[in-house]
1. Quickly run through segment 144-161 and pick out the residues that are within 16 Å of S128 (Cα to Cα) and open to solvent by 10 Å² or more (accessible area, probe 1.4 Å).
2. When you go through D107, D181 one by one, which is the residue that is over 17 Å from the mean Cα position of the chain (by Cα), of a type in the set (D, E) and open to solvent by 10 Å² or more (accessible area, probe 1.4 Å)?
3. Restricted to segment 249-307, and to residues that are more than 28 Å from A78 (Cβ to Cβ), in contact with a Pro (Cβ under 9 Å, 6 or more places away or on another chain) and not acidic (D, E), which residue is surrounded by the most Cβ atoms within 10 Å (Cβ to Cβ)?
4. Out of all the residues in segment 210-243, which are assigned to a loop (DSSP other than H, G, I, E, B) and of a type outside the set (S, T, Y)?
5. Got at least one residue in segment 246-259 being assigned to a helix (DSSP H, G or I), within 29 Å of W34 (Cα to Cα) and touching a strand residue (DSSP E or B) at 6+ places or on another chain (Cβ under 7 Å)?
6. Suppose we filter D132, D136 for residues that are farther than 26 Å from K267 by Cβ and open to solvent by 10 Å² or more (accessible area, probe 1.4 Å); which single one remains?
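The values are calculated or read from the model by the stated rules, or taken from the named source; none is laboratory data. Keep in mind the model is a prediction, meaning the values are calculated, not measured. Ideal geometry is used to build each Cβ from the backbone, glycine not excepted, and the neighbour counts take in all protein chains shown. These area figures cover heavy atoms from the full protein model, side chains too; ligands, DNA and RNA do not enter into them. Shrake-Rupley method; radii C 1.70, N 1.55, O 1.52, S 1.80 Å.
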Amino acid sequence: MFTPPDSSVHRGSAAPETIAMGGSITPLRRHPEWIKARMPSGENYHDLKGLLRGMNLNTVCEEAHCPNIGECWDQRTATIMILGDTCTRACGFCAVKTGRPTWFDDDEPRRVAEAVGAMRLEHVVVTSVARDDLPDGGSRIFAETILAMRETSPGMGIEVLIPDFDGADDRLRTVMDARPDILNHNLETVRRLQKPVRKRARWDRSLYVLRRAKEMSRAIGYAAHTKSSLMVGLGETRDELTEAFEALRDVDVDILTIGQYLRPSEKHLPLERYYHPDEFADMKVEAVALGFKHVESAPLVRSSYHARDQVQGAELRALRRRQATLDADGRVVPAAS
């Protein structure tokens with residue numbers, strides 16, 4: 001087992017001083033040698049980039065400066081961001097711009113579905129900025145986007161990464177009734193750091209959303225998987241991370257991703273420390289032992305990393321997608337099972 005030079009930074013019950021507790025702001029720092037993203041390249045990457053530009057779609061891959069954009073796009077997976085590019089919340093870790101949104105388009109589900117169909121994606125993740133200004137938080141647009149994509153890309157895996165919808169059951173049910181393959185909502189960090197990291201979000205509320213999503217899935221007879229993500233390096237302890245793992249399993253979350261927080265700018269929360277790859281391996285072992293069905297744990301892992309491989313049957317769906325044909329109207333017709 002890997003032990004860093006100063007184990008008090010991440011193990012034990014004592015809470016280290018961080019910016020969230022009045023610590024001084026630290027400047028951006030040089031990444032260690034294991035923080036190396038793959039340079040975007042390849043035919044698929046350039047193909048998707050051109051299509052996205054032409055269709056005027058936002059992606060979290062670009063807006064949040066994801067380090068895995070080259071790898072994911074080359075594998076024909078992408079994370080589409082609906083409901084505009086301006087978030088009503090100002091989370092301390094996030095590179096997406098915040099402010100008062102002015103953009104809304106009722107026709108967005110159709111446009112997204114057509115664009116995704118043209119990109120021939122094997123798996124898509126649809127997320128959004130938080131839209132606390134909308135009466136339903138944007139849940140209707142999520143649902144209509146899922147249904148539209150089922151029509152145009154029947155063999156594609158569909159994952160939605162949703163905000164907390166203020167914990168409203170009716171908003172969540174709207175999304176679950178559309179039957180996504182994966183319902184993802186990120187806990188992001190440990191209980192103690194929720195307020196400085198996530199601003200308006202709440203630990204208990206996020207766990208409630210994940211629990212209710214699984215319950216609703218069972219009630220409608222559609223076995224959707226639930227998923228969540230954690231960042232490390234914000235000043236959490238190892239024991240606090242264990243608490244988070246256990247809390248997610250207590251609400252029957254199936255899939256967990258764990259990655260290194262990388263500070264987008266000096267205006268964002270400071271990075272307290274880097275975790276070594278061996279520590280990520282240790283956390284994966286612990287999480288798998290708790291009963292998660294799939295765990296991604298590595299420095300550059302992000303919420304949607306390897307998303308297409310996280311649901312049973314993903315390879316079969318991908319095969320059918322590749323074997324699909326077009327009908328006379330140009331719609332995708334999957335191969336017979």
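1. Hits for segment 144-161 are E144, L161.
2. The match here is D107.
3. Among residues in segment 249-307 that are more than 28 Å from A78 (Cβ to Cβ), in contact with a Pro (Cβ under 9 Å, 6 or more places away or on another chain) and not acidic (D, E), the one surrounded by the most Cβ atoms within 10 Å (Cβ to Cβ) is P270.
4. Those that are assigned to a loop (DSSP other than H, G, I, E, B) and of a type outside the set (S, T, Y): I220, G221, A223, A224, G233, L234, G235, E236.
5. The answer is yes, given that some residue of segment 246-259 is assigned to a helix (DSSP H, G or I), within 29 Å of W34 (Cα to Cα) and touching a strand residue (DSSP E or B) at 6+ places or on another chain (Cβ under 7 Å).
6. Numbers: D132 fails: farther than 26 Å from K267 by Cβ.
Testing whether each residue is farther than 26 Å from K267 by Cβ and open to solvent by 10 Å² or more (accessible area, probe 1.4 Å) leaves just D136.
Residue-wise test of (1) of a type outside the set (V, I, T); (2) in contact (Cβ under 8 Å) with a residue 60 or more places away in the chain; (3) closer than 22 Å to E108 by Cβ.
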| residue | (1), (2), (3) |
| --- | --- |
| A148 | yes, no, yes |
| E159 | yes, yes, yes |
| I162 | no, no, yes |
| D169 | yes, no, no |
| L183 | yes, no, yes |
| E188 | yes, yes, no |
| K199 | yes, yes, no |
